[in-house]
Structure formats: structure tokens, C-alpha cells
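A.B. asks: Sharing a structure, written as C-alpha cells. Questions coming.
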Amino acid sequence: MSLDDEPAHRRIYALQLLAKAGIDSNERLLAAFARVPREDYVGPPPWIFDDVFGGGYRPVASTDPIVLYQDVLVGLDTKKGINNGSPSLHAAAFHAFKIREGETVVHMGAGVGYYTAIMAELVGPSGRVIAVEYDAALAERARANLASYDNVEVVQGDASDWPKQQVDIVYANFALDHPPQAWIENLAPYGRLIFPLGIPAIENSSRYGFTRHAAYLMIDRQVRGFGAQFLQIVSFIWGQSGKPVPAGRHAGLEAAFRARGLRKVRSLRWKTEPTGEEWYGEEGWGLSFDEP
């Protein structure tokens, strides 16, 4: 991958994204964002942008793909609130992952595959990306969009059932109120997980919704346990589930968010009893202020 080989508007886009994400230097990530044409993933015009300042969706008065090369959310299924999310947010996550060539990545909630493609560029031909998408229509679009990538497999299914074996990276693009067992226990040694941990804006709703509180949580598997840290506050589509929510979980998480202390989290307690102060905890897991 060479940044100089890509069109000027995509090079400028990549440079702006990394600058906005606070990334001083990451040549591989720059090249990956410059290489993947966003217009190949968001569908034909007219495009619809999501106004993050509360104005809702609005059509774009241009059919020139250059307008897509800014840090905007592009509507994919506006009735469900599904977007091709903020590129700078995903750039920050990819930088935190430090994705290496040859690694295996599982992308949960892959949508139409744009960010899957960028990760496929980062792991290279010797790596592998499994894209998991619950929505059948989006999964079909992702499968078509990613057909040129021999190192990508698209799966239509429930993300809580994946991965099936150990992987280096799990990246989830929907919010949950807990870390699923498969995501934690199938992290390879030194594997990394990022997902939005939070609570829904509307409880017990059958509609697609968003988070009331959420933050990107990064978990990494270490020799003696799991490190954990919050990366930044985020707003994400809520990952619906038919499973009952344990009593008190959402109230407890809301209290934890309101009490702040996110920056003090250092480790994930997993299937053990608590031994120190925790930002939030329940039977089986907790986010501790202790080192792993």
C-alpha cells in the first residue's frame, strides 16, 4: 500500500481523519483509508447524511463522490437508523488496535462492509477478516461489496455466536450492556476487543434505538488476565437481543456512567470474584480499577 498512488481527494480525506482522531503518525492506516473508495459501499446517489447536531437525515445536493470524503455519517437504512458511521471514530479504533499483517479479525455488525474493507487492507493477503452482520439485506450488500477481497468472509448471523475459534481482534459496531462470552474467551493471547458498552435510550423497545450512555471499551488479553480501558464516549445503535437483562444491570451502569471514573478502569474481571474497587461489576464480570 502506498499513499502516493491514491487519488488526491482520498489522500486528503485520510490525512484529515487521522488528524481529527488525534493520530500523529500511522502510514499503514493512512494508506488503507485512502485506498478504499467509500462510494463503492454506500450505494448510488442521492446520498443521505445524518446531521450529528440533531437535525436528522438530509439529502445531499450533489452526485459527485468527492462529497463522501469528509467525516460524515451516510444513511444506509434510515428507517432503522443504520449509518455508515463516522470515519474518524473508526480510524481511532483501528489505531488503538495496532492491527498487524497476518492477523485474524472478526467485524461484528459489519453493515455494508466499508470498514471491513479497511481492516482487510490492514491485515493484508496473509490475514483474514470475518464480517458478521445480522441484517440479511445489509449482509448481502456487504458480500457483493467485498467480493474482490479474497481474505474476507461475510456471515449473516447473530454476532453473539462468533467467533467460533481464537482470533486476534474483535471489533463490534453496535452497543451492548455486557461483554459476550464468545468475544472474551475466543480472544487469542494478546488479542484485542473494542465494543461500545452502554445502555439503551429506550428500555424494552422493539424498535431500533440508540444508546443513552456508551463508551468504547477496549479489552486486551494479557498473560495474567484481561486489561481494559475506555477509549472515548460514543453514541451507537443498540444491539437488540431476545435475552433477558439481569435485574439492576442498566440502573447500575447508568449510575457508573454518571459517577464518571471511566479513566480509572484498568482490567476486566472475568469469571472470578471481585478483589478491589470496580467501576461496575456483577456476578461473573466487572471493570476494575486494579491492574490485571
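The values are calculated or read from the model by the stated rules, or taken from the named source; none is laboratory data. What you see is a predicted model; the values in this text were computed from it and never measured. Here the Cβ is made from the backbone with ideal geometry for all residues, glycine too, and neighbour counts use every protein chain on show.
A.B. asks: So which pairs qualify, if the first residue must be in the range 129-143 and within 26 Å of Glu101 (Cα to Cα), the second must be part of a helix (DSSP H, G or I) and of a type outside the set (A, V, I, L, M, F, W, C), the Cβ gap must be under 7 Å, and the two must be at least 6 apart or on different chains?
C.D. replies: Val129/Thr116; Ala131/Thr116; Ala142/Thr116
A.B. asks: For the range 152-183, enumerate the residues that are small (Gly, Ala, Ser) and either modelled with pLDDT of 95 or more or part of a strand (DSSP E or B) (or both). I'd like the intermediate steps shown before the answer.
C.D. replies: So in the range 152-183, the residues small (Gly, Ala, Ser) come out as 157, 159-160, 172, 175, 182.
Ala172, Ala175, Ala182 - these are the residues of the range 152-183 that are small (Gly, Ala, Ser) and either modelled with pLDDT of 95 or more or part of a strand (DSSP E or B) (or both).
A.B. asks: Residues of the range 19-46 being in a helix (DSSP H, G or I) and more than 14 Å from Ile118 (Cα to Cα), which ones?
C.D. replies: Initially, the range 19-46 is screened for residues in a helix (DSSP H, G or I), giving 19-20, 27-35, 38-40.
Once the filter is applied, which keeps residues that are in a helix (DSSP H, G or I) and more than 14 Å from Ile118 (Cα to Cα), the range 19-46 yields Ala19, Lys20.
A.B. asks: If you don't mind, another one. For a quick check of your reading of the model, give me the residue pairs whose first member lies in the range 114-126 and is over 10 Å from Arg35 (Cβ atoms), whose second is buried (at least 22 other Cβ atoms within 10 Å of the Cβ) and charged (D, E, K, R), with beta-carbon atoms closer than 6 Å and at least 6 apart or on different chains.
C.D. replies: The qualifying pairs are Val123/Glu103.
A.B. asks: Every residue in the range 230-244 that is over 15 Å from Ser86 (Cβ atoms), in a strand (DSSP E or B) and either in contact with a Ser or Thr (Cβ under 9 Å, 6 or more places away or on another chain) or aliphatic (A, V, I, L, M) (or both), please.
C.D. replies: Within the range 230-244, the first condition is being over 15 Å from Ser86 (Cβ atoms), and the residues that meet it are 230, 238-244.
Still in the running and in a strand (DSSP E or B): 230, 238.
Listed by number, the list holds a single entry, Trp238.
A.B. asks: Next question. Which count do you get for residues in the range 184-224 that are modelled with pLDDT of 95 or more, in contact with a Ser or Thr (Cβ under 9 Å, 6 or more places away or on another chain) and surrounded by fewer than 20 Cβ atoms within 10 Å (Cβ to Cβ)?
C.D. replies: Here the count works out to 2.
A.B. asks: Inside the range 108-142, can you point out the residues that are within 23 Å of Ala175 (Cα to Cα), more than 17 Å from the chain's Cα centre (by Cα) and not aliphatic (A, V, I, L, M)?
C.D. replies: Listed by number, the residues that qualify are Glu140, Arg141.
A.B. asks: A follow-up question, please. Being in contact with a Lys or Arg (Cβ under 7 Å, 6 or more places away or on another chain), among the small types (Gly, Ala, Ser) and surrounded by 23 or more Cβ atoms within 10 Å (Cβ to Cβ): is that true of Ala34 here?
C.D. replies: Numbers: in contact with a Lys or Arg (Cβ under 7 Å, 6 or more places away or on another chain): yes; among the small types (Gly, Ala, Ser): yes; surrounded by 23 or more Cβ atoms within 10 Å (Cβ to Cβ): yes.
Yes.
A.B. asks: Another question, then. If Val152 meets every condition in (1) surrounded by 21 or more Cβ atoms within 10 Å (Cβ to Cβ); (2) within 27 Å of Gln232 (Cα to Cα) apart from one, which number is that one?
C.D. replies: (2)
A.B. asks: Is the range 50-64 home to any residue that is crowded, with 22+ Cβ neighbours inside 10 Å and either hydrophobic (A, V, I, L, M, F, W, C) or at pLDDT below 95 (or both)? Break it down stepwise before answering.
C.D. replies: Within the range 50-64, the first condition is being crowded, with 22+ Cβ neighbours inside 10 Å, and the residues that meet it are none.
For the range 50-64, residues crowded, with 22+ Cβ neighbours inside 10 Å and either hydrophobic (A, V, I, L, M, F, W, C) or at pLDDT below 95 (or both): absent.
A.B. asks: Would you check which residues across the range 101-138 are closer than 20 Å to Asn186 by Cα, β-branched (Val, Ile, Thr) and crowded, with 24+ Cβ neighbours inside 10 Å and list them?
C.D. replies: Hits for the range 101-138 are Val105, Val106, Thr116, Val129, Val132.
This table checks each residue for (1) aliphatic (A, V, I, L, M); (2) in contact with a strand residue (DSSP E or B) (Cβ under 7 Å, 6 or more places away or on another chain).
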site: Ala21; (1), (2): yes, no
site: Asp24; (1), (2): no, no
site: Glu39; (1), (2): no, no
site: Phe49; (1), (2): no, yes
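A.B. asks: Let me ask something else. Which residue pairs have Cβ atoms closer than 6 Å, lie 6 or more positions apart in sequence or on different chains, and pair a first residue in the range 28-48 that is of a type in the set (Lys, Arg) with a second residue that is buried (at least 21 other Cβ atoms within 10 Å of the Cβ) and assigned to a helix (DSSP H, G or I)?
C.D. replies: As it stands, the answer is Arg35/Glu121; Arg38/Leu68, since those pairs meet every condition given.
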